[in-house]
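The values are calculated or read from the model by the stated rules, or taken from the named source; none is laboratory data. The structure displayed is predicted, hence computed values, not measured ones. Positions of Cβ are generated from backbone atoms using ideal geometry, with glycine treated the same way; all protein chains shown enter the neighbour counts. Accessible surface areas use protein heavy atoms only, side chains included; no ligands, DNA or RNA. Shrake-Rupley method; radii C 1.70, N 1.55, O 1.52, S 1.80 Å.
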Amino acid sequence: MKQNNKMMEHDFVAEKIKRLREKSLKNKKAYSKDKLNKPISYWTKKERLKDQIGKEFTIILRTKGCKWALEQGGCSMCGYIEDANIKDVDSEQIMNQFDYAVSKTIQFIKNDTNNYILKIFNSGSFLDESEISKPVREYIYKKIAEIPQILEFSIESRLDFITQEKLDELQKYLPNKYIEIGMGLESVNDHIRNRYINKGLKFKDFLEKLQLCHNNNIGSKVYLLFKPPFLNEKAAIDDCAHSIKEMIKLNVQTISINPCNVQKGTLVEYLWHSHRYRPPWFYSLFDCFNKALNEKDLKKIRILCDPSGAGTNRGIHNCLRSSCNDKMKTHLRDFILHQDLSRLEQIEYDCICRIEYQLKFPYI
Ligand code: SF4
Ligand SMILES: [Zn+2]
């Protein structure tokens, strides 16, 4: 009976996600040719590199979209499919998107004294043939190999698409770059990951792909979701702190913490509208870092966290005073750039909402 209830709970979540997704994509208009020849976005900014402070050059490509989202509705917090084309995007157009971002930025990079990490995101899986074909991947790799200021190259992919062949390809074209593949594990807990986040991914499969990356000298970046739906503040801290510790034990190179934010067309948005979800508090995130990390671990791993929508009611926030959230954002950024926990210890919690938080969550 208990088993049946659990099944129903999962079916309900998965079904609800599918229906919400269908509804939100129903009236989606096709992108113009001009739009498909340019990336969704690109930028440069300060970022923590493996052994130094440097800069990131990020390019967001517009592709067909994440297969998991298109076929199964996707993950409960993810609205990236809203930016995707849904229909196939020509290889040539994707190459044009990449070239556009590079041509607009390359001179700036060349004149800069900083080293760079190039992050290419496509709101899905870079290694999925239906989003980015082999000729496009090879084209991109060859171009990156020619830019010496780029020391690190980062992409992300669902596990199914990470294969020996694709890792060989990366090593072949980019022998002198540090390569990292981002994998959305979200939590080490199978129940939270699959029933609350609808990730469709088993921990044992993750371990297999992690090993494959290690064997091929490819770095691993693991995404963890901070405060998935259906977890309260305390459970979110415990789940994420536990997941961080497990990732350290597994020797992943980078852990990227994503404080959950409310994206369009998602189950999280549905719950948020009906007052059954609130994005996490900054206080909780810092508590989680303090519980999970120590100076010794931070010499071994890199921790990243660059929350979307921070300080707004759709993103991680304390109260909604900008003075309060700006202070939190500054300290978070400082901590990430320097990988130094003492930066979090120095924060003075002087906003009135600190008392509200302590009264609401006396056990944290
Ligand atoms: S989080 Fe990743 S796997 Fe999940 S729907 Fe979004 S892009 Fe797809
Ligand atoms: Zn406040």
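What to note about this one:
- For the listed residue pairs Lys28/Lys199; Lys329/Lys360; Lys33/Lys119; Lys55/Lys234; Lys172/Lys300; Lys55/Lys142, the alpha carbons are over 30 angstrom apart in Lys55/Lys234.
- Highest-MSF residue in the chain out of Leu127, Leu151, Leu207 [GNM, Cα springs under 10 Å]: Leu207
- Rg/Rh for the stretch 239-296, where both radii come from Cα atoms and Rh is the Kirkwood radius: 1.08
- Of the accessible area of the chain, computed with a 1.4 Å probe over protein heavy atoms only, carbon and sulfur atoms account for 50 percent.
- For Lys110, the aspartates and glutamates whose Cα comes closer than 14 Å to its Cα, not counting residues fewer than 8 places off in the same chain, are Glu56, Glu146.
- Heavy-atom accessible area order for Tyr42, Tyr283, Tyr31, largest first, 1.4 Å probe: Tyr42, Tyr31, Tyr283
- Spin-label model, Arg19/Lys50: points 7 Å from Cα along the beta carbon direction are separated by 4.8 nm.
- Lys245 paired with Glu165, simple spin-label distance in nm, labels 7 Å along Cα-to-beta-carbon: 4.2 nm
- Residue-normalised accessible area of the stretch 2-360, given per residue in Å² at a 1.4 Å probe: 45 Å²
- Across the chain: Cys residues that no other cysteine approaches within a C-beta distance under 4.7 Å: Cys66, Cys213, Cys240, Cys260, Cys288, Cys305
- Residues in the stretch 159-175 reached by a label modelled at Lys134 [backbone nitrogen below 11 Å; 7 Å Cα→Cβ]: 165-166, 169
- For Arg158, solvent-accessible area (1.4 Å; no DNA, RNA or ligand), Å²: 40 Å²
- Gain in span if fully extended, Leu320 to Asn96, counting 0.36 nm per residue against the direct Cα distance: 76.6 nm
- Cα gyration tensor, the stretch 1-102 - rounded (a/c under 1.5), prolate or oblate: oblate
- 3J(HN,Hα) along the stretch 80-86, derived from phi through the Karplus expression 6.51 cos²θ - 1.76 cosθ + 1.60 where θ = phi - 60°, amounts to 4, 4, 4, 8, 7, 8, 6 Hz, with x in place of Gly and Pro.
- Residues Lys296 and Arg333, FRET efficiency given R0 of 22 Å [Cβ-Cβ distance, rounded to 0.05]: 0.45
- A straight Cα-to-Cα reach below 20 Å connects Lys202 with the lysines Lys6, Lys67, Lys221, Lys227, Lys245, Lys249, residues fewer than 8 places away in its own chain not being considered.
- Whichever lysines have a C-alpha closer than 18 Å to that of Lys29, once near sequence neighbours (fewer than 8 apart) are set aside: Lys38, Lys64, Lys87, Lys264
- Amide proton proximity set for Phe153, modelled H, under 5 Å, gap of 5+: Leu118, Tyr178, Ile179, Glu180
- Comparing Gln263, Gln97, Gln164 in a Gaussian network model of the chain (Cα springs below 10 Å), the most mobile by mean-square fluctuation is Gln164.
- Using a Förster distance of 35 Å, the FRET efficiency for Phe361-Lys26 (Cβ separation, nearest 0.05): 0.35
- Distance in nm between pseudo-label sites at Glu71 and Lys142 (7 Å out along the Cβ direction from Cα): 3.1 nm
- Residues of the chain were split at every exposed loop site, defined as GluC sites (Glu not before Pro) in a DSSP loop with at most 15 other C-beta atoms within 10 angstrom, and the longest piece left, sites excluded, is 147-347.
- Once the Cα-Cα distance is subtracted from the 0.36 nm per residue extended length, the Gln107 to Arg354 segment shows a gain of 84.3 nm.
- Segment Ser308-Lys172, length gained on full extension (0.36 nm per residue, minus Cα span): 45.5 nm
- Tensor-based shape of the stretch 304-364 (alpha-carbon gyration tensor, a/c under 1.5 rounded, otherwise prolate or oblate): oblate
- Of the DSSP H helices in the chain, those whose Cα atoms cover at least 27 Å axially and whose Kyte score averages 1.0 or more: none
- Structure remark: mean-square fluctuation, Gaussian network model of the chain, C-alpha springs under 10 Å; the largest value among Pro228, Pro175, Pro279 belongs to Pro175.
- Extreme residue, positive dipole direction of the chain, given options Ile162, Gln149, Ser284 (C-beta unit charges): Ser284
- Two-decimal ratio, the stretch 2-360, of alpha-carbon radius of gyration to 2.2 N^0.38 Å: 0.98
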